[in-house]
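**Student:** Can you read through this structure? Questions will come right after.
Just so you know, all these numbers are worked out from the coordinates, no wet-lab data involved. These numbers were taken from a predicted model, which means no experiment stands behind them. Cβ atoms come from the backbone with ideal geometry, glycine included; neighbour counts cover every protein chain shown.
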Amino acid sequence: MPILSLAGVKAKPAVCDFLGLTFPRELSDDVGEVLAFHLATAQAHSVCPGLWHLLPPVMASADAAAWIKKPGTVKVGSAGPVMTLGVSGVACLALRDSGVWPALLADLAGFPHRVTRLDINRDYVVDAPALVSAVLDAGYAGGLRLGRKSLAPTEVDQFLGLDARGVLSGACYLGKRGREIRCTVYDKRKEREDRGFTDPGPLLRVELSLAKISASLRDALDPAPLFHHYSAAVVPCPSDVPSWQAAGEGFFLEPRKERDYWRALQRGVDGISRHLKDLAALADRMGVYGRRALLKLLADQVGVAMPALPPLPGPVGLSEAA
């Protein structure tokens, strides 16, 4: 029997909020090619080798701006014989909203890989303070289970304070950091207001952080079965959510298509169009050859030769530098 009944409470879909993967290191170039294609389609910005920033397409809207201040990250690294890949929560959101998420997961599923970490959250439109308190009481009473292992009261932590309405609320942490299964139940409304965002209204978030539990990329696409499998002691599982299957590979996300590199280039350029327009306006201050000078600088960056330009004002003309 779950701690929280939540009868009649509206629940938002369970979503992947972090994805960690490893691949054989010898596949780094192949995996990198797949990543570069899909990240360009999602208009990600390459910060440096192995690091991209990206934001959801709706970031320009007032609603998204009320929720997000920092871009999401996609990070590639290495650890011994493996290549590591980490996709942050905001990056997962951006890839879903760009329509890239299913195709990216399908391509990554084609390589030998291991899911090393998967975070999932689900939001419930309900006033949270009393519910956070109920979970804390149950955790401190002992016997609460996440997976096969029960939690000792010493593995339950809290972070509470007064919210904007003067009500005591906050977060309940079930399981210490580093545990294979960790659950956080918190007042999302208070968390947003404490960070200086607008009031989203009553909102309870239940979040799982899972490692070494035979998760698959299917779970990253459709995380509800996995979420409710491990959160069953806290929140009820809807009748339409199927049972979770460990290591559920061998799935088809969508028909495999030939990669449209032209579309990816278009989307990538669209993603930096505002910056390019700012550079064009700056180039106009140089006179009639300004925009041609900008084109030559861009051509140099991508390794395309352009005819030398007449000498330009300044210490060194582009024709001399060429």
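**Student:** List the residues, sorted by chain then number, that are 5 or more residues from Val234 or on another chain and whose placed amide H is less than 5 Å from its amide H.
**Tutor:** Answer set, sorted by chain and number: Ile3.
**Student:** Which distance in Å, rounded to a whole number, links the C-alpha centroids of the stretch 94-121 and the stretch 129-200?
**Tutor:** A separation of 28 Å, based on Cα centres.
**Student:** I've got another one for you. Once you put a point 7 Å from the Cα of Ser5 and another 7 Å from the Cα of Ala164, both along the Cβ direction, what distance in nm separates them?
**Tutor:** If labels sit at Ser5 and Ala164, their model points lie 3.0 nm apart.
**Student:** Is the shape of the stretch 84-184 rounded, prolate or oblate, going by the alpha carbon gyration tensor and its root eigenvalues a ≥ b ≥ c, with a/c under 1.5 for rounded and a/b larger than b/c for prolate?
**Tutor:** oblate
**Student:** Another question, then. Which FRET efficiency value, to the nearest 0.05, is calculated for Ala247 and Leu282 with the Förster distance at 41 angstrom and r the Cβ-Cβ distance?
**Tutor:** Rounded to the nearest 0.05, the efficiency is 0.15.
**Student:** Right, next: What is the sum of charges around Pro223, taking Lys and Arg as +1, Asp and Glu as -1, for the other residues whose C-beta is under 10 Å from the C-beta of Pro223?
**Tutor:** It works out to a net charge of -2.
**Student:** Obtain the nm distance between the two label points defined at Leu27 and Lys176 by a simple spin-label model: each point lies 7 Å from its Cα along the Cα-to-C-beta direction.
**Tutor:** About 3.5 nm, to one decimal.
**Student:** Let me ask you something else. How large is ³J(HN,Hα) for each residue in the stretch 286-295, as worked out from phi by the Karplus curve 6.51 cos²θ - 1.76 cosθ + 1.60 (θ = phi - 60°), to whole Hz, x for Gly and Pro?
**Tutor:** Once θ is set to phi - 60°, the couplings for the stretch 286-295 become 8, x, 5, 8, x, 6, 5, 5, 5, 4 Hz.
**Student:** Kindly put Cys183, Cys237 in sequence by how many other C-beta atoms sit within 10 Å of each C-beta, fewest to most.
**Tutor:** Neighbour counts put them in this order, fewest first: Cys237, Cys183.
**Student:** Moving on. What list do you get for Cys172, Cys92 if you sort them by fewest beta carbons within 10 Å?
**Tutor:** With the sparsest Cβ surroundings first, the list reads Cys92, Cys172.
**Student:** Using a cut-off of 17 Å between alpha-carbon atoms, which lysines can reach Lys188, once sequence neighbours fewer than 8 places away in the same chain are excluded?
**Tutor:** Lys10, Lys12, Lys69
**Student:** Taking R0 as 35 Å, what's the FRET efficiency between Ser150 and Asp199 from their Cβ-Cβ distance, rounded to 0.05?
**Tutor:** About 0.40, to the nearest 0.05.
**Student:** Continuing with the same structure: Going by how many other Cβ atoms sit within 10 Å of their own, how do His229, His38 line up, fewest first?
**Tutor:** His229, His38
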